Amino acid sequence: MFSSARSFSKQVLNHRTQIQQQTKSQLRNPRAKDNRADDEHKLVTEKMRQENRERKKRWREVNEERNKDNDLRCRVNKRANQLYGAKASPAKEKWIGEEFERRQQKRHEKERRRQQQVDLPSDFGEYAALPPHQVRAANDFWRSVAASNALESDARCVQLPPLRSVLPDELRQPVEYTRNVTAQ
């Protein structure tokens, strides 16, 4: 009878030791059991983040001007915190308002100047048959013409003259490019 009681107590001690070890391991890593639930949570979280990125990207495309203002306001506030500290003060608020307006006006002026420059269409119509270096030269030439016209009048569009009036016939013919391949 004693031998069976001893073996039973050993079994109880072994079982108790196993439970204690499992409890300790769970305390060290509480999510050890929930790996599958944790993986599902990670997938849901990643999907949500991806959807948020796409939603924000669409918003930025639709609200381009507001997005630029938000970025500008963030940079101005960051600079104000460097200059005036984190606490709010009337001087800091005044500086933020003035600086935001100044930088916003500067950005609008820069965009207005950029719009005044004439961008030629990508297909160039009959200019498309020209080699790339001649297309670039024509592009630069008409940009300079547009810039001089924009100074005299506020014209934003410049009509390209017909190609035959600008280039001689031999330059208008498409050049056949051949590679010189030597047989080995």
(message) Students often forget the sequence filter, so: which lysines lie under 21 Å Cα-Cα from LYS47 once same-chain residues fewer than 8 apart are removed?
(response) LYS56, LYS57
(message) From the phi angles alone, apply the Karplus equation (6.51, -1.76, 1.60; θ = phi - 60°) to region 64-79 and give each ³J(HN,Hα) in whole Hz, x where the residue is Gly or Pro.
(response) 4, 5, 5, 5, 5, 5, 4, 4, 4, 4, 4, 5, 5, 4, 4, 5
(request) Provide the solvent-accessible area of THR17, counting protein heavy atoms only and rolling a 1.4 Å probe, rounded to the nearest 10 Å². (result) 60
(request) Ignoring everything but the protein chains, give the 1.4 Å probe accessible area of HIS41 in square angstrom, nearest 10. (result) 110
(request) Given a cut-off of 23 Å, name the pairs among LYS42/LYS68; LYS68/LYS106; LYS78/LYS106 whose C-alpha atoms lie farther apart than that in the structure shown. (result) LYS42/LYS68
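What is the packing order of peptides 51-64, 91-104, taking the mean over residues of other C-beta atoms within 10 Å and listing the highest first? Please report the intermediate quantities before stating the final value.
Values: 51-64: 10.5, 91-104: 13.9.
Going by the mean number of other Cβ atoms within 10 Å, highest first, we get 91-104, 51-64.
The values are calculated or read from the model by the stated rules, or taken from the named source; none is laboratory data. Since we're looking at a predicted model, the values are computed, not measured. All Cβ positions, glycine included, derive from the backbone under ideal geometry; neighbour counts span all protein chains shown. Just the protein is used for accessible areas: all its heavy atoms, side chains included, with ligands, DNA and RNA removed. Shrake-Rupley method; radii C 1.70, N 1.55, O 1.52, S 1.80 Å.
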